[in-house]
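Have a look at the structure below before the remarks.
The values are calculated or read from the model by the stated rules, or taken from the named source; none is laboratory data. What you see is a predicted model, and the numbers here were worked out from it, not measured in a lab. Here the Cβ positions follow ideal geometry from the backbone for every residue, glycine too, while neighbour counts run over all protein chains shown. Heads up: the accessible areas ignore ligands, DNA and RNA and are worked out on the full protein's heavy atoms, side chains in. Shrake-Rupley method; radii C 1.70, N 1.55, O 1.52, S 1.80 Å.
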Amino acid sequence: MSKAPNMPKSWREETKPHKFCPGCGHGLVLKALGQAIDELGIQDRVVFGCDIGCSLLSFDFFNVDSVQTHHGRTTPVVTGVKRARPDRICIAYMGDGGGYAIGSQHLVNAAARNEKITVILANNCNYGMTGGQMAPTSLPGMKTETTPYGRDPEVTGYPTQGPEMVSAITREGAYVARGTVANVRQLKNYIKKALQNQVEGNGFSFVEALSGCPTNWSTNAKDTWAFIEETMPKYFKVGELKAPAKKEE
Ligand SMILES: Cc1ncc(C[n+]2csc(CCOP(=O)(O)OP(=O)(O)O)c2C)c(N)n1
Ligand code: SF4
């Protein structure tokens, strides 16, 4: 983990083209994250970890210390960094496959242990990078590469409710929310609160972001937004689920 050698004087002045497919939601989640980091003024303390999956394309987006991990292992890697360097603001970024399938035990255990890290998970209802296979969050009836006739929840289970699960297993001090790329300002505020929770040392913080994958959904711009804005919230309720009690002044 090292900073890019030619770090600009002000990272605000630097932009670079993203590597996601046109219309992908990852860019919007990362925009919200970048704004949150910027507004809190914590960029010099951030350690950003990203998973395998399309999230890995963000490995050099930000001028912060970064580490890219094995699939599903971002949460324990970032937990290790935080334990070694408690002064750092440690962020794990992943997709729904990375957080709710291969890395689910890590998410559950880190949340249950109340690790003082922030996990941000982009939920696009499928395994994006590998070509659109069914994920734990694929919707009932949803056609994917591995459910060509539509997901049958009686056979493969109902969509994982990540923030609800994390909220149930965390203790006081945790912050849990579900935002959406359809409302980037709200998403940024949730991420900001999650990071602030870590700055204050309160406990585990988790934000799921409803996100889009038009390439594997095979949707045009209009249908992509209809899926994110209308269909996904029928299964995944947007809002805050848990926040630490306000401290007395
Ligand atoms: C240990 C391991 N198992 C499987 C893979 C193959 N693989 C790479 S990305 C991926 C799925 C990514 O989906 P998700 O985590 O939902 O992220 P997205 O690409 O949708 O953002 C899989 C199964 C891998 N790289 N490593
Ligand atoms: S495959 Fe899907 S998640 Fe991956 S970059 Fe393309 S649109 Fe985004």
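The sole residue among A122, A92 that is within 16 Å of ligand 1 (Cβ to nearest atom), among the small types (G, A, S) and in contact (Cβ under 8 Å) with a residue 60 or more places away in the chain is A122.
Within region 213-232, residues that are at pLDDT 95 or above and within 14 Å of ligand 1 (Cβ to nearest atom) have Cβ atoms under 7 Å from residues that are open to solvent by 50 Å² or more (accessible area, probe 1.4 Å) and not in a helix (DSSP H, G or I) in these pairs: P214/C21; P214/G23; T215/C21, counting only partners at least 6 apart in sequence or on another chain. Part of a loop (DSSP other than H, G, I, E, B), of a type in the set (G, A, S) and surrounded by fewer than 21 Cβ atoms within 10 Å (Cβ to Cβ): is that true of G23 in this structure? For G23, the condition - part of a loop (DSSP other than H, G, I, E, B), of a type in the set (G, A, S) and surrounded by fewer than 21 Cβ atoms within 10 Å (Cβ to Cβ) - is met. Taking interchain pairs and intrachain pairs at least six residues apart, which have beta carbon atoms under 6 angstrom, with the first residue in region 169-195 and more than 18 Å from E229 (Cα to Cα) and open to solvent by 30 Å² or more (accessible area, probe 1.4 Å) and the second modelled with pLDDT of 95 or more and not in a loop (DSSP other than H, G, I, E, B)? Going by the 6 Å Cβ cut-off, the qualifying pairs are I169/A111; I169/A112; K192/A36; K193/Y175.
Hey, among G162, G131, G98, which residue is within 14 Å of ligand 2 (Cβ to nearest atom) and open to solvent by less than 10 Å² (accessible area, probe 1.4 Å)?
On the way: G162 fails: within 14 Å of ligand 2 (Cβ to nearest atom); G131 fails: open to solvent by less than 10 Å² (accessible area, probe 1.4 Å).
Just a single option satisfies the conditions, and that option is G98.
Just wondering, is there one or more residues in region 62-81 that are within 16 Å of ligand 1 (Cβ to nearest atom), at pLDDT below 95 and within 30 Å of T144 (Cα to Cα)? No, because not a single residue in region 62-81 is within 16 Å of ligand 1 (Cβ to nearest atom), at pLDDT below 95 and within 30 Å of T144 (Cα to Cα).
For every residue, the table says whether it meets (1) open to solvent by 10 Å² or more (accessible area, probe 1.4 Å); (2) closer than 17 Å to V207 by Cβ; (3) touching a residue at least 24 places away in the same chain (Cβ under 8 Å); (4) touching a helix residue (DSSP H, G or I) at 6+ places or on another chain (Cβ under 6 Å).
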{"site": "L33", "(1), (2), (3), (4)": "no, yes, yes, yes"}
{"site": "G41", "(1), (2), (3), (4)": "yes, no, no, no"}
{"site": "C54", "(1), (2), (3), (4)": "yes, no, yes, yes"}
{"site": "V64", "(1), (2), (3), (4)": "no, no, yes, no"}
{"site": "G72", "(1), (2), (3), (4)": "no, no, yes, yes"}
{"site": "P76", "(1), (2), (3), (4)": "yes, no, yes, yes"}
{"site": "V81", "(1), (2), (3), (4)": "yes, no, yes, no"}
{"site": "R85", "(1), (2), (3), (4)": "yes, no, yes, no"}
{"site": "R88", "(1), (2), (3), (4)": "yes, no, yes, no"}
